[in-house]
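Note sheet for the following structure.
Just so it is clear, none of the values below were taken in a lab; they were calculated from the coordinates. Bear in mind that the values here come from a model prediction, so they are computed numbers and not experimental data.
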Amino acid sequence: REALHDPDEIVRNIAAESRGLIGEASAVDPLIKVLLEPESTHFVDEDDFDYDPQWDMEMHATKALGRIGDPKIIDPLVKLLKNEDVYEINETVVWALSRVNNDKSMEVLADLLNDKDSVLRRIVAKVFSDVDHPGAVKAMQKALADEDPDVRSTAAEALANKSDPVVLDAIISLLKDS
């Protein structure tokens, strides 16, 4: 646990990543704390390249939480999604939510398909292609009617990767509409 707060950012990142790789459930609370209570948000300017070490830590902690897949991560990850400062890791946050793979996480992801941000909606549709949950298919079918063509095509591609014969009609309807 001390390694998550080590002054060396590489040690912190490796500590977070390793906890996820071994599925260390006891690491969930410390990793959530790292996400929601960042120790620093200072930027390092390396030859006109802005770098935030906290961003790396958030990315590694989010991946680790997704690998662990504990339902406790749902609310903190939703809170993280609402933070505009971490927009760059939205894809990883959505992936981590999908790894919980329970009714609540599927409901959260399906609700994200109503977000005003079409990029986020496309990310959710893409992530649903790897989710084996009845809620995922239902949500992707809804995404076939999204106003954004990229979201619709991503949802169609995700549905095409499913072996569920029920989705075939929805995909055919989308193709006729194109």
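Output the pairs from Lys33/Lys162; Lys79/Lys116; Lys63/Lys116 with a Cα-Cα distance over 28 Å in this structure; if there are none, say none.
From Lys33/Lys162; Lys79/Lys116; Lys63/Lys116, over 28 Å: Lys33/Lys162.
Can you give the extra length, in nm with one decimal, that the chain gains between Ala160 and Ala25 once fully stretched, where that is 0.36 nm per residue apart less the Cα-Cα distance?
That pair, Ala160 and Ala25, stretches by 45.2 nm at full extension.
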